[in-house]
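Chemist: Just passing along the structure, written as structure tokens.
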Amino acid sequence: MRGIVTALGALPIIGLLTLAAPAANGTPAIDGQQHANPHPVQPAAAQVRQDLPAYTCDTVERIRGTDGYAGLGRCTTSDNLPQQGRITVSFIIRARQGYPSAVSCSVASIFRGYAYLPEAVEGEYCR
């Protein structure tokens, strides 16, 4: 029997429903037909540690090909984080607008990112 592996274990596919990819409005297709959904699918927000020092920028964007993120535009910090150069502690990048609204960056290495305030801040190994 085929199955789907989830966090709860393997779930059998019994062939009663055929799920298709969500439509542009987030409505799942069941058996090839679109059905109204008053609650469109939204991406799950990552858990961000609130006890870390933070940078705040206009937006936060994924750095392609890496596990890093960049905060872009009018970046500030009020938590004694560096304004220029290497960042050697775990930290948060918050966005004033857009998604994701915040990411936390940390890893057991020499440094975790670079600050180029006020233009940008980059974090490695963020989620």
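Chemist: At a 10 Å Cβ-Cβ cut-off, how would you order Arg64, Arg127, Arg96, Arg112, fewest neighbours first?
Modeler: Placing the least packed residue first, the sequence is Arg64, Arg127, Arg96, Arg112.
Chemist: Counting other beta carbons within 10 Å of each residue's own, what order do Ile87, Ile92, Ile63, Ile110 fall into, fewest first?
Modeler: Going from sparsest to densest Cβ surroundings: Ile110, Ile63, Ile87, Ile92.
Chemist: In nm, give the distance between the simple-model label positions of Ser78 and Gln97, each being 7 Å from the Cα along the Cα-to-Cβ direction.
Modeler: 2.1
Chemist: Please report, in debye to the nearest 20, how large the charge dipole of region 54-123 is about its Cα centre when each Lys and Arg carries +1 at its beta carbon and each Asp and Glu carries -1 there.
Modeler: 40
Chemist: Can you put Val103, Val89, Val121, Val48 in order of Cβ neighbours within 10 angstrom, beginning with the fewest?
Modeler: So the residues, fewest neighbours to most, are Val89, Val48, Val103, Val121.
Since every read-out is calculated from the coordinates, none of them should be taken as a lab result. Just so it is clear, the structure is predicted and the values come from calculations on it, not from any experiment. Cβ: placed from backbone, ideal geometry, glycine included. Neighbour counts: every protein chain shown.
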